[in-house]
Amino acid sequence: MSTTTSTTLLPEHETTQVLDRTVAARPSLRDTVDQSLAMAWRALKKMRRNPEQWFDVTVQPLLFTAMFAYIFGGAISGSVEDYLPTLITGILAQTALTACMATGIQLREDMDKGVFDRFKSLPIARISPLAGPAIADLVRYGTAATLTILTGLVMGYRPGGGVPGVVAGWLLTIVAGWSLAWIFTFLGTKARSAQAVQGISMMIMFPLTFLSDAFVPVSTLPGWLQHFVQVNPVTLVIDALRDLMNDGQVTANVGWALLGCAVVTAVFLPLSVRSYSRKM
């Protein structure tokens, strides 16, 4: 008894379709950008349906600016008006950290709900589900920075850098928030729950914010603590903001702050994508 093996050849047009699907599984740079923007639009629509996601970038800047100004202003600088040039730049950095912390928490929640499982069957770039929300969060950072600056102006803050200095500080806040968000994105891909991401993020945010020159002069701190404050990356951003907004000068602090943002992005963006790809 003999067995006959037959080979079926696909017509040329069907072979072409199979090849097209194979190529489509490897998106080009243009496709990656389009897919990331589509994911960003999805994230923005989700924010619109969940107004509570705007609490940390709307209510918190207003509350902290007013509260810290009237509690610490007289004790540290003698008056609220004299304390505002120090406070506003510190609140900008704190708000950026708080806003980008929510990125990792939201990512972990989506992964736990199985949202990202749906992306496994789609021929999209692996960075798109991460880059999309990061792009959408630029709106949150801009909103937080705008409200903080406006609150300061209402309370009597008069930046010496004028409009150009304020705009430059506003842009630097957004850049810093976007770069630091990749740290929390990486945590979101590694932690087992959104609660774990939130707990770890708070442990990172509070030391970075309060162990800096955000709210008090470095000279008032103990000597051993001053060494940490001087190498704190948040201090670099705050000093750069003060040079831009209060003095209207582009100093070495601005360069160091931008370099620090670039280093953080270069390290944690690939780590986030790699960790996320393993989950996929």
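The values are calculated or read from the model by the stated rules, or taken from the named source; none is laboratory data. What you see is a predicted model, and the numbers here were worked out from it, not measured in a lab. Please note: Cβ atoms are built from the backbone with ideal geometry, for glycine as well, and neighbour counts cover all protein chains shown.
The residue that is surrounded by the most Cβ atoms within 10 Å (Cβ to Cβ), counting only those in segment 99-145 that are out of contact with any Asp or Glu (no Cβ under 9 Å at 6 or more places or on another chain) and among the aromatic types (Phe, Trp, Tyr), is TYR141. If the condition is being closer than 11 Å to TYR276 by Cβ, assigned to a helix (DSSP H, G or I) and modelled with pLDDT of 75 or more, then segment 111-131 contributes MET111, SER128, PRO129, LEU130, ALA131.
A search for C-beta distances below 9 Å between a residue of segment 187-203 that is without any contact (Cβ under 8 Å) to a residue 60 or more places away in the chain and any residue that is of a type outside the set (Lys, Arg) and in a loop (DSSP other than H, G, I, E, B), counting only pairs 6+ apart in sequence or on different chains, returns GLY199/ALA191; ILE200/ALA191. The set of residues in segment 156-201 being surrounded by fewer than 19 Cβ atoms within 10 Å (Cβ to Cβ) and either of a type in the set (Lys, Arg) or in a loop (DSSP other than H, G, I, E, B) (or both) consists of GLY156, ARG158, GLY160, LYS190, ARG192, SER193. Exactly one condition in (1) surrounded by fewer than 24 Cβ atoms within 10 Å (Cβ to Cβ); (2) at pLDDT 90 or above; (3) of a type in the set (A, V, I, L, M, F, W, C); (4) closer than 21 Å to TRP54 by Cβ is not met by ALA93; state its number. In the conditions (1) surrounded by fewer than 24 Cβ atoms within 10 Å (Cβ to Cβ); (2) at pLDDT 90 or above; (3) of a type in the set (A, V, I, L, M, F, W, C); (4) closer than 21 Å to TRP54 by Cβ, ALA93 misses (1) alone.
Residue count for segment 204-227 under the criterion of being touching a residue at least 12 places away in the same chain (Cβ under 8 Å) and closer than 30 Å to MET111 by Cα: the result is 4. Taken as a whole, the condition of being under 30 Å from THR220 (Cβ atoms) and crowded, with 16+ Cβ neighbours inside 10 Å applies to VAL80. Does ASP56 qualify as being under 24 Å from GLY199 (Cα atoms), surrounded by fewer than 13 Cβ atoms within 10 Å (Cβ to Cβ) and either touching a strand residue (DSSP E or B) at 6+ places or on another chain (Cβ under 6 Å) or in contact (Cβ under 8 Å) with a residue 24 or more places away in the chain (or both)? When the stated conditions are applied, ASP56 does not pass them.
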